[in-house]
Structures are given as C-alpha cells and as structure tokens.
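Have a look at the structure below before the remarks.
The values are calculated or read from the model by the stated rules, or taken from the named source; none is laboratory data. Everything numeric in this text was worked out from a predicted model, so none of it was measured. Positions of Cβ are backbone-derived with ideal geometry, glycine not excepted, and every protein chain shown enters the neighbour counts.
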Amino acid sequence: MSRYYLGLDCSTQSLSAVLIDAESAALVYQRSLNYADVLTHYGVIDGYLPITAAGQVHAPPLMWVEALDALLLAMQEDACPLQEIRCIAGAAQQHGTVYLKQQFTQSLAKCDPRKPLHEQLQQSFSRLTAPIWMDNSTTEQCTAFTADLGGAEQVNKITGSVAVERFSGVQIKKFAESEPQAYTDTTDIMLVSAFMASLLAGHPVTIDYTDASGMNLLDLHSKKWHQPALDSCAPDLQKRLQPPVNPLLLLGTVAPYFTQRYGLNSNCKLLPWCGDNPSSLIGLGLVQPGMSAISLGTSDTCFGLFQELPQRMSPWAHTFIAPTLDYMSLLCFKNGSLARECVRQQFQLSWQAFSECLSATPPGNNGAMMLPWFDTEIVPKVIKQGVQRYALDADDCSANCRAVIEGQMLSMSLHAEQAGLTPTSIRATGGASQNQEILQIMADVFACPVDVIQTTNSVALGAALRAQFALEYRSWDETVAMFTAPQPVTQRQPEKTAVNVYREMKQLFSQRVADALNN
Ligand code: ADP
Ligand code: XUL
C-alpha cells in the first residue's frame, strides 16, 4: 500500500499543496496557486477585496472553493498520483469566518462532479464575504467583550489571548449586531480551515482545537467553548459552531465529488484542518519545547511549543492548542511581507537588488532607524498607520531596505522577549526565508543561529505530516525527522560585532516605540 500524504494550505494569497511519500521520505510534489493571478475575476489584491470601510478586510469564500478545484485540476494535469493518496489534511489562514445557510449542507451533499463546486455552492452563503485576519474593524466589540468577561487579564487567562480585533468571536459579534437578519439566516459559522475541510468531506466539519483557540471563544483548559464568551458575542452561537474537534480525529473519507472528478481514492481519509501557524509548528519540526520559529509570510509570526500553560499570560502572545495537543505561543506582526514589498516597490527593486542593498549597508544602518508601520500593527498595537523614520532619508534606497528589515527584526526580538520567547535557535520559513541577507539580520538581532528547512511551505508540509501521524501511529519526533532536518548550507550564524550593535540598538528602538505610541 502506498504511503502518500497530501497537505494543503489555504493562505491569504494562495492555495498550496505538498505531497509526501513516507516510504521514501521524499517530498514528491509541490504546487501553489495564487488567487490574484489565477482567479482574477474575484478582483482580489494580495488575497483580499479592495477595502471599502476603515479597517475592514474581507475575502470572498467562493474564491477558496474555486481555488480548490483549480489546484486539484492542476495536480491532475501534472500527473500527480492522486489515486495513491492515503490521507489529506490541511491548514488555513487563522481567524477568518465563513457564514453559511442551511443550503450549504444540502448543496454539498448532492454535488455533481460534472460541474465545478463553486457553481453549486453559490447560494450557500448568508454573508458573501468573509472577514479575514487582517480585519481590525472591531475595536468597539473588543471593548464590550472584555468588559462582559471581567477584564483583559481574565479573557487572556481563559482563552489564551486578550480580545483582539481579528479574532473570530468579536468578528461574529460585529456581524450579529450590524446584520441581525443575515445572522438569523446563518446556520453554521466556520473558520476558513473548517470550511475547506467541509468541502473535501462533503458535509459540514467542525472547527478543530488549534484554530478554535484563535477565536477568544475556547476555554483552553477544558477545550470546550466558554459559554460566557459565546453569550457576549451573539445569541445562540453554540448552535452555529458545534463542539470543537480533536485535530487528530479522522473524519472519514473524501467526498464522491473529488473521487469522481479528480480520481482521488475513495478510501482516502481526511483529517480536520488546523490553523496555519499550528500546522507550521509541525512542518518545521517543532514538536519539543525549546526551539522557536519565525515565519516571514504576509504577516510575520514568531512561535514555539510548550507543554504547560504559563502561570501569567503575556498580553502580546496568543496561546493556541498545538496539533500535538501541547500548547504553542505566537506573536503576529501585521507589517511583514507587505511592508517589505512597499519598500521594494518604492525603489522598483527586484528581490536580488533588495538583497544587494542589504549587503551594501552595515548592521546598525549608520544610525538610521525605522518603525515599519506601513499599515496598522498588531504587536505593538498601532491603530493609526504611519512609518516612523529616524536619521533616515525617505529617498535613500539602500538605507530604507536595511531599515525596514532591522525594524522588523528588532520589534520581533523585543516583543518575543517580553512574552518569554528567547530562542536559542530559530527555524525560518515563509516566502522571505529564501532571502539569505534577511536571515543574517535575524541571526544577528536574535543572537542565535537561524536554520531553514527544505520546503518554504511548512504549513502544507505540517498538514501532510499530520496526515501521516494520524495513519501510521509513529511518535511525533519520528514523523517529523525525515522531512524537517535543516539544510546545513543555509544555516546563518550570528556575527559578534553585529550582535553587539543590535543589543544596544534594541534599547533605543524600544524607547522610540514607546515614544511613538505615546504621541
Ligand atoms: P503567505 O503564505 O502569507 O501568503 P508567503 O509565505 O507565501 O505568504 O510569502 C509570500 C511573500 O514572500 C511575497 O509577498 C514576497 O513579498 C515574499 N518573498 C518572495 N521572495 C522573496 C525574497 N527573495 N526576499 C524577500 N521576500 C520574498
Ligand atoms: C495569526 C494570524 C496570521 C494568519 C495568517 O494570529 O493572524 O498569521 O494566521 O497567516
């Protein structure tokens, strides 16, 4: 019997697949499909719709449906061995909510494999767009929710995070308050992860523990919905969510639509989908406490696994249940790739030229510094966007390239430290982790070695490894070992002089962040 496992990643900008063969320990296939490039008719830029109201960032869920068909078609055309796949797992951008009518369940159950899925699901939505993690339009709801639950510390202690705008509970609250009739018409509310899993299963699948912990609604201690949190957000919310599921519990087999249309095996098993960051933890091999990872994607994230819930939760970190059923701590910085892209585009540089600018400038940037708030920021909380420059000419190409990267790394290091994450080694991933000059600055600022693993798509790889774990019953260490060994050639070591420069610079940076936030 084959030992092929497929991992899918429905991220902000693209849907990706990674296929592994556990027999030969080989990654046999990878493919990624960018929504803005391939599904142009949805009109998304960077994966979301043009912004029509302050802070409101939405994406059309039908686009993710169509992307799934497009990806499977591409895989079929590439002669990917779909028939051989034993189990599929997936992961998706966290926090985004999809609002469905009763019709969804019926339409899914009777999907005709001769017609594309999105044509058959058009009438399924009680809300045509889904707020995604970049949405920060719910400050008012956060305030009311926090008061209902007895204060920020209490919310953090129970749900693993203080109330945050992008988390699903307050997003649901805003919808229920502003569109009560549409909320009444909603029978199921899913996260992007559960929505995608439902498509593959052919019936509604509930939210898994890992992604449920990104909603401010789950009691992390009992792994059950926290009733006062549900009650604060919307009436009869429990009915629309169903109890959260263990991410390692098999869901059954793939729906006939996919076996008939793409030749997937009718015995192919399915797992619930996770949040992308929890999945990346596995894809990076972080199955033991101690190591940390930094993902340089649309958002930049910094995270690590631990076994016990901390006594005191940091206000910066989000604590999620990990796919191993341990815990993970995560800090999310919104000004990630999009901020780097702003500088690159301002000076019309290729990534190669951007890297050359980094090489041409010294650590510390001759005293220039940037707070890279091209957009509003999550960590630290910046509600009004605005890049701050110190001793930095806005037209100086090289200095701005270095300043944006140094600003990002200093901020990550500073806030990770405050949340108890002081890595002794880092595994880097995400689109920008292929950039060696960026990784060198990371190693110097954090004063520890930085490794990169073979695939840039640790989220999809993590999903494939979860699928393998669920069917093969090996230990986590054994499951991840073959696929997550770092590449020795790409290891970046911290350089002593640069480390000293950044140690001093961090203090000044910290002061400037505090001053900027007070103004
Ligand atoms: P997400 O999964 O969040 O959609 P990715 O992890 O796929 O994002 O990262 C995509 C980003 O990677 C692009 O927006 C681009 O800015 C960045 N990227 C690609 N190549 C490089 C490079 N050589 N240097 C820096 N950034 C890069
Ligand atoms: C994490 C977060 C993002 C999204 C998109 O809290 O909001 O990392 O998961 O990748």
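Report, ordered by the first and then the second residue, all pairs with beta carbons closer than 6 Å, sequence separation of six or more or different chains, a first member in region 184-206 that is of a type in the set (Lys, Arg), and a second member that is modelled with pLDDT of 95 or more.
none
Against the condition over 23 Å from Phe167 (Cβ atoms) and either within 16 Å of ligand 1 (Cβ to nearest atom) or of a type in the set (Ser, Thr, Tyr) (or both), how does Arg389 come out, does it pass?
no
Pairs under 6 Å by beta carbon, first residue within 18 Å of Gly386 (Cα to Cα) in region 340-359, partner aromatic (Phe, Trp, Tyr) and away from ligand 1 (no atom under 12 Å from the Cβ), six or more apart or different chains?
Listed pairs, sorted by first residue: Cys342/Phe374.
Kindly evaluate Lys110 against the criterion of being farther than 27 Å from Lys174 by Cβ and charged (D, E, K, R).
yes
For a quick check of your reading of the model, give me the residue pairs whose first member lies in region 79-99 and is in contact (Cβ under 8 Å) with a residue 60 or more places away in the chain and closer than 21 Å to Thr12 by Cβ, whose second is part of a loop (DSSP other than H, G, I, E, B) and more than 16 Å from ligand 2 (Cβ to nearest atom), with beta-carbon atoms closer than 6 Å and at least 6 apart or on different chains.
As it stands, the answer is Ala89/Leu271; Tyr99/Ser126; Tyr99/Arg127; Tyr99/Thr186, since those pairs meet every condition given.
Name the residue, out of Ala416, Ala428, that is under 26 Å from Arg166 (Cβ atoms), among the aliphatic types (A, V, I, L, M), modelled with pLDDT under 95 and part of a helix (DSSP H, G or I).
Ala416
Could you figure out which of (1) part of a loop (DSSP other than H, G, I, E, B); (2) of a type in the set (A, V, I, L, M, F, W, C); (3) within 16 Å of ligand 2 (Cβ to nearest atom) isn't true of Cys448?
Only one criterion is unmet by Cys448, namely (3).
Of the residues that sit in region 308-348 and are of a type in the set (Val, Ile, Thr) and closer than 16 Å to Thr159 by Cβ, which one is farthest from ligand 2 (Cβ to nearest atom)?
Ile321
Among (1) away from ligand 1 (no atom under 14 Å from the Cβ); (2) among the hydrophobic types (A, V, I, L, M, F, W, C); (3) over 18 Å from Ser425 (Cα atoms); (4) part of a loop (DSSP other than H, G, I, E, B), which single condition is Phe320 missing?
Condition (4) is where Phe320 drops out.
(1) in contact with a strand residue (DSSP E or B) (Cβ under 6 Å, 6 or more places away or on another chain); (2) within 30 Å of Gln13 (Cβ to Cβ); (3) surrounded by fewer than 24 Cβ atoms within 10 Å (Cβ to Cβ): which one isn't true of His226, the others all being true?
Here His226 clears every test but (2).
Inside region 179-211, can you point out the residues that are over 21 Å from Ala109 (Cβ atoms), surrounded by fewer than 24 Cβ atoms within 10 Å (Cβ to Cβ) and in contact with a helix residue (DSSP H, G or I) (Cβ under 8 Å, 6 or more places away or on another chain)?
Ala182, Tyr183
Answer yes or no as to whether Leu358 is more than 14 Å from ligand 2 (Cβ to nearest atom) and in a loop (DSSP other than H, G, I, E, B).
Against the criterion (more than 14 Å from ligand 2 (Cβ to nearest atom) and in a loop (DSSP other than H, G, I, E, B)), Leu358 does not qualify.
If you check every pair at least six apart or on different chains, which have Cβ atoms under 7 Å apart with a residue in region 134-147 that is among the β-branched types (Val, Ile, Thr) first and a residue that is part of a loop (DSSP other than H, G, I, E, B) and within 16 Å of ligand 2 (Cβ to nearest atom) second?
Short answer, once both residue conditions are applied: Thr138/Glu165; Thr139/Glu165; Thr146/Ala163.
Search region 464-491 for residues that are over 20 Å from Leu305 (Cβ atoms) and pair each with any residue that is in a loop (DSSP other than H, G, I, E, B) when their beta-carbon atoms are under 6 Å apart and the residues are at least 6 apart or on different chains.
Gln491/Pro449
Considering only region 165-178, state which residues are in contact with a strand residue (DSSP E or B) (Cβ under 9 Å, 6 or more places away or on another chain) and in a loop (DSSP other than H, G, I, E, B).
Arg166, Phe167 - these are the residues of region 165-178 that are in contact with a strand residue (DSSP E or B) (Cβ under 9 Å, 6 or more places away or on another chain) and in a loop (DSSP other than H, G, I, E, B).
How many of the residues in region 405-425 are touching a strand residue (DSSP E or B) at 6+ places or on another chain (Cβ under 6 Å) and within 16 Å of ligand 1 (Cβ to nearest atom)?
Looking only at that region, the number is 2.
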